[in-house]
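K.L.:
The structure follows.
Please treat every number below as a calculation from the coordinates, not as lab data. Note that the structure is a prediction, hence the values are computed from the model and not measured. Don't worry about glycine lacking a Cβ; one is built from the backbone with ideal geometry, like all the others, and counts go over all protein chains shown.
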Amino acid sequence: MKTQQEIFEILKAQYPDFITTQDTEANELAIEVPALQINSVCQFLASNPDLLFDSLILLSALDDANGKKNSEADGSFEFDGGTLSVIYHLESSKLRHKVVLKVVVPREKPEVESVSSIWQHADWEEREAYDMIGIIFLNHPNLQRILMPYDWDAGFPLRKDYKNPEFYMGIKVP
Amino acid sequence: MGLLDKQFSDENIILTKAEDLLNWARLSSLWQVGFGLACCAIEMMATSASHYDFDRFGVIPRPSPRQADIIIISGTVTLKMATRIKRIYEQMPDPKYVISMGSCSNSGGPYWEHGYHVVKGMDRVIPVDVYVPGCPPRPEALLEGLLKLQEKIRNESLVKKEKV
């Protein structure tokens, strides 16, 4: 069993190029990982005999709402720039320890590598993150909407600057 | 009309209006589509079960919309589901009736302001005959809704309404 700090040290020794900091904003520490390295980092975490992270408890996405706010006359607004985040909670059921990873991507190009090849369960979690926040998961086997209608083209509803469309298939929405 | 058992002193002919007979037949065997959506569906199932016994009003769940007379919209209607409900409704033969059960189906309920995915009232998609308020309504409330629907059917007419 290892603490988050010890796992951070192991990862820092393994990937000195890009694993350098932990996010301290939330209650939990989160190791920051670049978007295009998450798959190899997770493969290491899953297969290393000292870590053995065999389960992805939760994959969640977040709109950080930290861009430039462009307000419009009707009270709605849009964000220019800023970031979106993906947060991974991992657990090892054999060694009984946990770790939190965080990937931060720019709002204009929210591309993150998929981890569904490591944990099958990530398939649907990533589809939900795509559906609600609009994170594009690269190398995902079937990246389409999971909760909203398949033909939904009015954007991603859990983004802070989301605006409801007037109509969906002739049904008045707001 | 009500129960006529043992109301006559001898065997005889009963005279009634064709309209009344048809309405009585319709309102006494309202077969519902076996269809539930959310927590209201649990109350609807409780209403169907032995304690409240929907069957005593002639309400039997049917597995196919083609054999059903009423549909009880029991729960939150999402935009995705609304298109399917419309399709089920269109498959039902006339005359068909709709009971909207619970706040979500009546008006969007708790999703009124922030529900990006919820239809704000089932009447935006299909015509509704009876609205049953509650979140979720008790089985007694649903029974009351059904009685109101029966009352509505009892007063239907075969005669075309004059345009005013």
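K.L.:
Determine which member of the set A:TYR150, A:TYR162, A:TYR168 is within 11 Å of chain B (Cβ to nearest Cβ), touching a helix residue (DSSP H, G or I) at 6+ places or on another chain (Cβ under 6 Å) and of a type in the set (Ser, Thr, Tyr).
P.N.:
Result: A:TYR168 is the single residue among A:TYR150, A:TYR162, A:TYR168 that is within 11 Å of chain B (Cβ to nearest Cβ), touching a helix residue (DSSP H, G or I) at 6+ places or on another chain (Cβ under 6 Å) and of a type in the set (Ser, Thr, Tyr).
K.L.:
Still on this model: Could you identify the single residue in B:TYR97, B:TYR52 that is surrounded by fewer than 20 Cβ atoms within 10 Å (Cβ to Cβ), more than 14 Å from chain A (Cβ to nearest Cβ) and more than 26 Å from A:ASN164 (Cα to Cα)?
P.N.:
One residue alone meets the criteria, B:TYR52.
K.L.:
Just to be sure before I move on: is B:TYR131 outside any helix (DSSP H, G or I), among the aromatic types (Phe, Trp, Tyr) and within 13 Å of another protein chain (Cβ to nearest Cβ) in the structure I sent?
P.N.:
Considered against the rule, which asks whether it is outside any helix (DSSP H, G or I), among the aromatic types (Phe, Trp, Tyr) and within 13 Å of another protein chain (Cβ to nearest Cβ), B:TYR131 comes out as no.
K.L.:
Confirm whether B:VAL125 is within 14 Å of chain A (Cβ to nearest Cβ) and touching a residue at least 24 places away in the same chain (Cβ under 8 Å).
P.N.:
Criteria met by B:VAL125.
K.L.:
Quick one: which strands (runs of 3 or more DSSP E) sit completely within the range A:1-116 and have at least 1 residues that are surrounded by 16 or more Cβ atoms within 10 Å (Cβ to Cβ) and without any contact (Cβ under 8 Å) to a residue 24 or more places away in the chain?
P.N.:
none
K.L.:
Whether any residue in the range B:100-118 is within 14 Å of another protein chain (Cβ to nearest Cβ), of a type in the set (A, V, I, L, M) and in contact with a Ser or Thr (Cβ under 7 Å, 6 or more places away or on another chain) is what I want to check.
P.N.:
Yes, the range B:100-118 contains a residue that is within 14 Å of another protein chain (Cβ to nearest Cβ), of a type in the set (A, V, I, L, M) and in contact with a Ser or Thr (Cβ under 7 Å, 6 or more places away or on another chain).
K.L.:
With A:GLY155, A:GLY170, A:GLY134 as the choices, which residue is of a type in the set (Gly, Ala, Ser) and surrounded by fewer than 13 Cβ atoms within 10 Å (Cβ to Cβ)?
P.N.:
A:GLY170
K.L.:
Among the residues of the range B:44-69, count how many are of a type in the set (Asp, Glu) and part of a loop (DSSP other than H, G, I, E, B).
P.N.:
Residues that pass the stated criteria total 2.
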